[in-house]
Structure formats: C-alpha cells, structure tokens
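Shown next, in structure tokens, is the structure this report addresses.
The values are calculated or read from the model by the stated rules, or taken from the named source; none is laboratory data. Just so it is clear, the model here is predicted, and its values are computed rather than measured. Cβ coordinates were reconstructed from backbone atoms using ideal geometry, including for glycine residues, and neighbour counts include every protein chain displayed.
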Amino acid sequence: MNISKDEAWFRVCAVADLADGQLQKHLAGETAVVVARAGDEFRVFPPFCPHMAEPLHESGICKSGTLTCSKHLWQWNILTGEQQGPAERPLLLYPSELRGDQVWAYIEEELTYDFDEEDDDDFEW
Ligand code: FES
C-alpha cells in the first residue's frame with residue numbers, strides 16, 4: 001500500500017457504540033478490525049487471536065484492563081498489547097485516537113500474525 005500519512009487514518013466507530021469492556025468488529029476502510037473499550041480508552045487491533053486465530057470479537061473478554069481470549073486463556077494488557085500469563089505473543093495494536101466522539105485508527109498496512117500449525121517457539125517479529 002502506498003498512501004500518504006493522512007490517508008492511512010480511518011474512522012472505526014463512535015465512542016457511544018461501545019459500552020465499557022465491550023469488543024466489536026468493524027471495517028476501517030477495507031480492513032477488518034476489532035475495537036475494545038476499557039473505560040475511556042479505546043484500542044484497535046486485528047480481529048484474530050495471535051495464538052490460533054480465534055475471532056477476538058467473539059472469544060475476547062475485556063475486563064480490568066486485561067483482554068482474555070476465552071479459547072485457551074491467553075491474556076494481554078489491553079492498553080499496551082503486552083502479553084500476560086500464558087500468552088506467548090503480544091497483541092498487535094493499530095495506533096488509534098479519539099477525534100471528538102469518534103474512534104480513528106492508523107492503518108498503513110494490515111497487521112497480521114504468522115500462524116503456523118505447530119505453534120513452535122521460533123516465532124519472530
Ligand atoms: S486461540 Fe486465543 S488463546 Fe488460543
């Protein structure tokens with residue numbers, strides 16, 4: 001994708017679309033994303049669990065600043081994407097910001113995970 005910085009910002013949803021702790025799938029431009037609300041903070045990330053690609057808008061539970069995938073209980077700090085507990089990979093986050101009552105995300109390139117069937121340990125970023 002060869003676009004200017006301004007063109008890479010996409011409106012995702014309205015603040016009022018999500019209650020605290022809620023996750024929703026949205027299209028930002030042509031990219032599917034999940035947006036999570038943690039209090040007054042919003043985070044935008046790819047729609048799949050970094051472990052085995054569960055759809056996080058269905059399997060994710062966002063509570064007390066932690067996102068948990070209910071499939072195998074990998075967890076992340078929802079504000080930073082840093083892994084917690086048994087999670088072995090961070091949650092990739094798109095840069096995002098509030099503009100008035102709208103959530104916007106910076107998506108220059110779609111973020112993806114390298115899923116492999118073995119789920120081996122030599123995963124590299
Ligand atoms: S698929 Fe999410 S923790 Fe395994």
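One table, with the values for the structure above:
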| item | result |
| --- | --- |
| Where a residue in region 37-52 is at pLDDT 95 or above and its partner, wherever it lies, is part of a strand (DSSP E or B) and within 12 Å of the ligand (Cβ to nearest atom), with Cβ under 7 Å and at least six apart | PRO47/PRO55; PHE48/PRO55; CYS49/CYS69; HIS51/CYS69 |
| Verdict on THR66 being more than 16 Å from the ligand (Cβ to nearest atom) and either basic (Lys, Arg) or without any contact (Cβ under 8 Å) to a residue 24 or more places away in the chain (or both) | no |
| Qualifying position, being closer than 20 Å to GLY21 by Cα and modelled with pLDDT under 95, among GLY81, GLY85 | GLY85 |
| Verdict on ALA87 being closer than 14 Å to PHE10 by Cα, buried (at least 20 other Cβ atoms within 10 Å of the Cβ) and either within 13 Å of the ligand (Cβ to nearest atom) or touching a residue at least 12 places away in the same chain (Cβ under 8 Å) (or both) | no |
| Output for region 22-33, where each listed residue is aliphatic (A, V, I, L, M) and closer than 17 Å to ALA8 by Cα | LEU27, ALA28, ALA32, VAL33 |
| Any chance LEU79 is more than 10 Å from the ligand (Cβ to nearest atom), hydrophobic (A, V, I, L, M, F, W, C), more than 19 Å from VAL15 (Cα to Cα) and under 15 Å from the mean Cα position of the chain (by Cα) | no |
| Top-ranked residue of region 22-60 - restricted to ones that are small (Gly, Ala, Ser), surrounded by fewer than 18 Cβ atoms within 10 Å (Cβ to Cβ) and over 19 Å from LEU73 (Cα atoms), ranked as farthest from the ligand (Cβ to nearest atom) | GLY29 |
| Any hit, region 92-104, residues being without any contact (Cβ under 8 Å) to a residue 40 or more places away in the chain and within 16 Å of the ligand (Cβ to nearest atom) | no |
